[in-house]
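S.K.: So that we are looking at the same thing, I have put the structure below in structure tokens.
The values are calculated or read from the model by the stated rules, or taken from the named source; none is laboratory data. All values derive from a computational prediction rather than experimental measurement. Backbone-built Cβ (ideal geometry, glycine too); neighbour counts: all protein chains shown.
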Amino acid sequence: MVTRPARRDRRSTLAVLRRLGPYLRPVRGAVALAVGAALAATLAGLSVPLVLRGVLDGPVAHGDLGALPPLLLAVLGLGVLEAGLFWVRRRVLSGPITGVERRMRADLYHHLQRLPAAFHDRWQSGQLLSRAVGDLATIRRFMNFSVVFLLVNTLVVVTGTLLLLWLSPVLAAVQVATTLPMIALVARYERRYREVARQCQDQVGDLATAVEESVLGVRVLKAFGRGPHLARRFAAQARELRRRELRRVRMLAVQWTVGIVLPELALAGQLAVGGHAIAHGAMTVGTLVAAITTTSYLRWPIDSLGWMLAEANNAAAACERVWEVLDAPVSVADPERPRALPAPARGRLRFEGVRFAHPGSHRELLRGVDLEVRPGETVALVGATGCGKTTLTALVPRLYDVTGGRVLVDGVDVRDLRLADLRRAVAVAFEDPVLFSASVRENVRLGMPDATDEEVRAALRVACAEEFVDALPWGLSTRVGEQGLTLSGGQRQRLALARAVLGRPAVLVLDDPLSALDVHTEAEVEAALRRVLRDVTALVVAHRPSTVRLADRVALLSDGRIAAVGTHEELSATCREYRTLMSTMDTEVPGTLVVGGDVRREERPTRDQVREAVAR
Ligand SMILES: Nc1ncnc2c1ncn2[C@@H]1O[C@H](COP(=O)(O)OP(=O)(O)OP(=O)(O)O)[C@@H](O)[C@H]1O
């Protein structure tokens with residue numbers, strides 16, 4: 001499993017953030033209005049020093065108190081205008097920007113759904129979760145606030161400096177001299193800060209994975225008493241996150257300190273220079289007060305510059321993480337010129353010279369599989385543990401694509417079919433039946449959302465699940481807990497079977513469909529399956545004789561190829577490897593444990609045990 005991708009984007013923060021453009025374009029009107037409102041608000045604030053100069057050098061200097069009220073009203077008006085415009089900025093932007101976040105999240109989710117199984121094999125779910133939740137929230141905060149104020153504050157610093165220049169070039173020079181070190185510091189920290197931010201966000205992803213795994217596996221952890229061990233591992237990861245966060249905070253602390261000290265230095269410098277100039281009659285008190293008020297007003301824009309660039313770097317690191325997922329290629333996709341299945345579909349399934357290696361694996365798992373499952377026929381696929389049975393079945397609905405050869409349904413290469421058409425024609429029930437936290441009805445209708453309750457019930461009957469579903473508190477509407485954990489393994493497997501047969505597929509791929517059933521239920525489901533399998537082409541991965549009994553023919557997968565095909569009797573008579581395999585399977589049924597009336601199946605033999613048996 002890959003914790004996180006190795007690729008690191010070395011592009012500048014601006015280049016990374018520029019990719020937000022297409023998302024921001026539809027709301028550019030709102031952004032422009034917000035920038036305009038924030039700019040007008042800040043300029044209103046920046047005008048106050050000019051009015052102050054007017055007060056000091058006019059009515060105050062000349063004792064003309066009658067001229068004072070309009071100027072005081074002007075100060076009050078500017079204050080109210082500034083507050084109102086800031087309100088407008090927030091009001092105008094929040095809705096559109098949360099809409100942008102929603103669109104990005106929807107795109108990410110949609111893309112995750114389209115990415116092939118091989119992608120999900122490699123990525124930890126916590127990494128994906130933290131990107132879909134935490135990183136997108138970081139980007140939203142940046143767009144909502146920092147984008148506007150980076151623009152506005154830069155403009156305000158420039159305008160304020162020009163105003164100072166107009167008031168007094170020498171006081172402006174003091175201001176510029178004390179601002180330059182801040183700009184140099186920010187430039188120096190830019191890349192390092194982004195790297196640290198990235199490390200923190202990656203560590204949050206690892207932590208989310210750890211939480212998710214231990215929550216999903218809580219029963220196993222409890223049963224094996226591994227809770228304390230996991231807690232120690234989690235604490236170590238949390239310590240690592242803290243260490244990285246502290247590095248980030250230390251860098252921010254330096255920026256904040258410098259950001260606070262420099263404006264104070266500017267004020268002290270301006271007081272010294274201005275006081276001297278006033279003493280020599282080269283400057284009025286009003287000019288000095290106006291300059292100092294302007295410098296004070298510039299304090300927040302300059303202070304915030306470092307902080308907002310840090311936010312920009314956080315957002316750039318978050319963007320990189322989101323783009324990594326969005327840029328992952330959808331390698332299993334609809335063909336450019338899709339072909340249609342002949343109607344009505346007959347369900348002839350054929351593997352021709354099929355080769356396959358898992359991405360990143362140097363070992364070819366399947367090395368030329370040739371097998372035909374005729375319409376209406378059931379073929380059981382058997383073979384030693386880990387020989388590639390599940391992988392071979394996963395090639396039919398294109399969970400993976402073959403690396404050589406081809407898989408054909410009714411003579412059409414599955415890669416030439418639209419995925420929707422293929423998945424309508426081919427239904428799958430996995431060994432590990434995954435259910436979602438939704439009602440029984442929604443879980444069964446997963447592949448056919450429009451199915452009626454009657455159709456759902458018919459499928460449940462086929463899977464021998466109707467009785468237990470009716471006994472649930474709300475029948476079909478009962479919500480099964482997360483991953484269906486409120487149901488027994490056998491119940492989950494029967495729902496997964498019902499889901500597979502609901503759409504009346506032409507081809508049914510079943511991966512060990514009886515694995516989680518007790519002996520009694522197994523007999524029931526087996527009988528029901530016999531009925532289903534009569535009308536459909538089926539490839540069934542079999543781990544025990546009872547499943548093999550369902551099949552018309554059996555195919556033995558060995559060393560990446562189909563080593564033998566025939567009826568159970570033929571193979572038993574002619575194939576030594578098959579006999580040995582069946583004898584290891586047979587040991588499972590007598591080995592069934594009966595504990596207080598509760599019937600449980602023992603573990604299947606390990607791959608090594610099977611190999612040993614085959615070698616004997
Ligand atoms: N996503 C993956 N990436 C790399 N290797 C994988 C992946 N999935 C499975 N494998 C490897 O491929 C081999 C075949 O796995 P597969 O699940 O197809 O075997 P199987 O015959 O169905 O086994 P079993 O009988 O135990 O269910 C195993 O060695 C497994 O470790």
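S.K.: With respect to residue 561, is the statement that it is out of contact with any helix residue (DSSP H, G or I) (no Cβ under 9 Å at 6 or more places or on another chain), within 16 Å of the ligand (Cβ to nearest atom) and at pLDDT 90 or above true?
M.R.: Numbers: out of contact with any helix residue (DSSP H, G or I) (no Cβ under 9 Å at 6 or more places or on another chain): yes; within 16 Å of the ligand (Cβ to nearest atom): yes; at pLDDT 90 or above: yes.
So residue 561 passes the test.
S.K.: Report yes if some residue within the stretch 296-316 is of a type in the set (S, T, N, Q) and in contact with an Asp or Glu (Cβ under 6 Å, 6 or more places away or on another chain); otherwise report no. I'd like the intermediate steps shown before the answer.
M.R.: Pass one, the stretch 296-316, residues of a type in the set (S, T, N, Q): 296, 304, 313-314.
So of that shortlist, the ones also in contact with an Asp or Glu (Cβ under 6 Å, 6 or more places away or on another chain) come out as none.
No, that holds for no residue.
S.K.: What are the residues in the stretch 362-378 that are within 15 Å of the ligand (Cβ to nearest atom) and in contact (Cβ under 8 Å) with a residue 24 or more places away in the chain, if any?
M.R.: So in the stretch 362-378, the residues within 15 Å of the ligand (Cβ to nearest atom) come out as 362-367, 369, 371.
Matches in the stretch 362-378: 364, 365, 366, 367, 369, 371.
S.K.: Between residues in the stretch 111-129 that are in contact (Cβ under 8 Å) with a residue 40 or more places away in the chain and residues that are in a helix (DSSP H, G or I) and among the polar types (S, T, N, Q), which pairs lie under 9 Å by C-beta distance while being six or more apart or on different chains?
M.R.: Listed pairs, sorted by first residue: 124/209; 125/209; 126/209; 127/209; 129/209.
S.K.: Scan 227, 306, 269, 275 and give me the residue that is of a type outside the set (Asp, Glu), within 19 Å of residue 175 (Cα to Cα) and modelled with pLDDT under 80. Outline the logic, then answer.
M.R.: On the way: 227 fails: within 19 Å of residue 175 (Cα to Cα); 269 fails: modelled with pLDDT under 80; 275 fails: modelled with pLDDT under 80.
Result: 306 is the single residue among 227, 306, 269, 275 that is of a type outside the set (Asp, Glu), within 19 Å of residue 175 (Cα to Cα) and modelled with pLDDT under 80.
S.K.: Within the stretch 339-393, which residues are under 21 Å from residue 413 (Cβ atoms) and charged (D, E, K, R)?
M.R.: 339, 346, 348, 350, 352, 355, 364, 367, 370, 372, 374, 377 - these are the residues of the stretch 339-393 that are under 21 Å from residue 413 (Cβ atoms) and charged (D, E, K, R).
S.K.: Sticking with this structure for a sec: Somewhere in the stretch 183-198, is a residue among the β-branched types (Val, Ile, Thr) and exposed (fewer than 12 other Cβ atoms within 10 Å of the Cβ)?
M.R.: Of all residues in the stretch 183-198, those among the β-branched types (Val, Ile, Thr) come to 183, 186, 196.
Restricting the remaining residues to those that are exposed (fewer than 12 other Cβ atoms within 10 Å of the Cβ) gives none.
Within the stretch 183-198 (the criterion being among the β-branched types (Val, Ile, Thr) and exposed (fewer than 12 other Cβ atoms within 10 Å of the Cβ)), the answer is no, since none of the residues qualifies.
S.K.: Also, I was wondering about something else. If a residue counts only when it is out of contact with any His (no Cβ under 9 Å at 6 or more places or on another chain) and within 16 Å of the ligand (Cβ to nearest atom), which helices (runs of 4 or more DSSP H) contained entirely in the stretch 87-150 have at least 2 such residues?
M.R.: Values: elements: 117-122, 125-130, 136-141.
Qualifying helices (runs of 4 or more DSSP H): 117-122.
S.K.: Select from the stretch 426-436 the residues that are away from the ligand (no atom under 16 Å from the Cβ) and within 21 Å of residue 389 (Cβ to Cβ) and write down the one among them that is surrounded by the most Cβ atoms within 10 Å (Cβ to Cβ).
M.R.: So in the stretch 426-436, the residues away from the ligand (no atom under 16 Å from the Cβ) come out as 426-427, 435-436.
Checking the rest, the ones that are also within 21 Å of residue 389 (Cβ to Cβ) come to 426-427.
Numbers: 426: 27, 427: 24.
Here the residue is 426.
S.K.: Look through 490, 447 and report the one residue that is touching a residue at least 24 places away in the same chain (Cβ under 8 Å) and surrounded by fewer than 18 Cβ atoms within 10 Å (Cβ to Cβ). First the steps, then the outcome.
M.R.: Details: 490 fails: surrounded by fewer than 18 Cβ atoms within 10 Å (Cβ to Cβ).
Of the residues listed, the single one that is touching a residue at least 24 places away in the same chain (Cβ under 8 Å) and surrounded by fewer than 18 Cβ atoms within 10 Å (Cβ to Cβ) is 447.
S.K.: Moving on to the next point. Suppose we filter 445, 406, 418 for residues that are assigned by TED's automatic domain parsing to the domain that holds residue 369 and farther than 30 Å from residue 365 by Cα; which single one remains?
M.R.: Details: 406 fails: farther than 30 Å from residue 365 by Cα; 418 fails: farther than 30 Å from residue 365 by Cα.
Going through 445, 406, 418 in turn, just one is assigned by TED's automatic domain parsing to the domain that holds residue 369 and farther than 30 Å from residue 365 by Cα: 445.
S.K.: Take residue 385 and tell me if it is within 9 Å of the ligand (Cβ to nearest atom), β-branched (Val, Ile, Thr), out of contact with any Ser or Thr (no Cβ under 6 Å at 6 or more places or on another chain) and over 15 Å from residue 554 (Cα atoms). Steps first, please.
M.R.: On the way: within 9 Å of the ligand (Cβ to nearest atom): yes; β-branched (Val, Ile, Thr): yes; out of contact with any Ser or Thr (no Cβ under 6 Å at 6 or more places or on another chain): yes; over 15 Å from residue 554 (Cα atoms): yes.
Considered against the rule, which asks whether it is within 9 Å of the ligand (Cβ to nearest atom), β-branched (Val, Ile, Thr), out of contact with any Ser or Thr (no Cβ under 6 Å at 6 or more places or on another chain) and over 15 Å from residue 554 (Cα atoms), residue 385 comes out as yes.
S.K.: Another question, if that's okay. Read through the list (1) assigned to a strand (DSSP E or B); (2) within 14 Å of the ligand (Cβ to nearest atom), then give the number of the only condition that residue 350 fails.
M.R.: (2)
S.K.: Another one. Run down 502, 476 and say which single residue is surrounded by fewer than 20 Cβ atoms within 10 Å (Cβ to Cβ) and either out of contact with any strand residue (DSSP E or B) (no Cβ under 9 Å at 6 or more places or on another chain) or at pLDDT 80 or above (or both). Before you say what the answer is, go through the steps one by one.
M.R.: On the way: 502 fails: surrounded by fewer than 20 Cβ atoms within 10 Å (Cβ to Cβ).
Matching residue, one of 502, 476: 476.
S.K.: Is it the case that some residue within the stretch 68-76 is part of a helix (DSSP H, G or I), crowded, with 19+ Cβ neighbours inside 10 Å and of a type in the set (Val, Ile, Thr)?
M.R.: From the stretch 68-76, those part of a helix (DSSP H, G or I) are 68-76; that's our starting set.
When the remaining residues are screened for being crowded, with 19+ Cβ neighbours inside 10 Å, the result is none.
Checking the stretch 68-76: not a single residue is part of a helix (DSSP H, G or I), crowded, with 19+ Cβ neighbours inside 10 Å and of a type in the set (Val, Ile, Thr).
S.K.: Considering each residue of the stretch 388-414, count those that are of a type in the set (Asp, Glu) and within 16 Å of the ligand (Cβ to nearest atom), and give that number.
M.R.: Qualifying residue count for the region: 1.
S.K.: Can you say whether residue 209 is among the polar types (S, T, N, Q), over 20 Å from residue 124 (Cα atoms) and modelled with pLDDT under 85, as far as the supplied structure shows? Even if it seems obvious, please write down each step before you answer.
M.R.: Values: among the polar types (S, T, N, Q): yes; over 20 Å from residue 124 (Cα atoms): no; modelled with pLDDT under 85: yes.
Judged against the criteria, residue 209 is not a match.
S.K.: Return a yes/no flag: does the stretch 321-340 have any residue that is part of a strand (DSSP E or B) and either away from the ligand (no atom under 16 Å from the Cβ) or within 30 Å of residue 196 (Cβ to Cβ) (or both).
M.R.: Within the stretch 321-340 (the criterion being part of a strand (DSSP E or B) and either away from the ligand (no atom under 16 Å from the Cβ) or within 30 Å of residue 196 (Cβ to Cβ) (or both)), the answer is yes, since at least one residue qualifies.
S.K.: Restricting the search to the stretch 422-475, which residues are among the aliphatic types (A, V, I, L, M) and on the phi > 0 side of the Ramachandran plot?
M.R.: Within the stretch 422-475, none qualify.
S.K.: A follow-up question, please. At pLDDT 90 or above and among the β-branched types (Val, Ile, Thr) - does that describe any residue in the stretch 520-536? Break it down into steps so the answer makes sense when it comes.
M.R.: If we filter the stretch 520-536 for residues that are at pLDDT 90 or above, which is where we start, we get none.
No; the residues of the stretch 520-536 include none that is at pLDDT 90 or above and among the β-branched types (Val, Ile, Thr).
S.K.: If I filter the stretch 317-327 for residues that are over 24 Å from residue 46 (Cβ atoms), assigned by TED's automatic domain parsing to the domain that holds residue 111 and of a type in the set (Gly, Ala, Ser), do I get at least one hit?
M.R.: yes
S.K.: Does residue 355 count as in contact with a Lys or Arg (Cβ under 8 Å, 6 or more places away or on another chain), of a type outside the set (A, V, I, L, M, F, W, C) and at pLDDT 85 or above? Quick ask: steps written out before the conclusion?
M.R.: Working: in contact with a Lys or Arg (Cβ under 8 Å, 6 or more places away or on another chain): yes; of a type outside the set (A, V, I, L, M, F, W, C): yes; at pLDDT 85 or above: yes.
So residue 355 fits the description; yes.
S.K.: One residue is enough: does the stretch 401-424 have a residue meeting the conditions in a loop (DSSP other than H, G, I, E, B), more than 24 Å from residue 459 (Cα to Cα) and of a type in the set (Lys, Arg)?
M.R.: From the stretch 401-424, those in a loop (DSSP other than H, G, I, E, B) are 401-403, 410-411, 418; that's our starting set.
Now restrict to residues that are more than 24 Å from residue 459 (Cα to Cα): 401-403, 410-411, 418.
Those left that are additionally of a type in the set (Lys, Arg): 418.
Looking for residues that are in a loop (DSSP other than H, G, I, E, B), more than 24 Å from residue 459 (Cα to Cα) and of a type in the set (Lys, Arg), one finds at least one in the stretch 401-424, hence yes.
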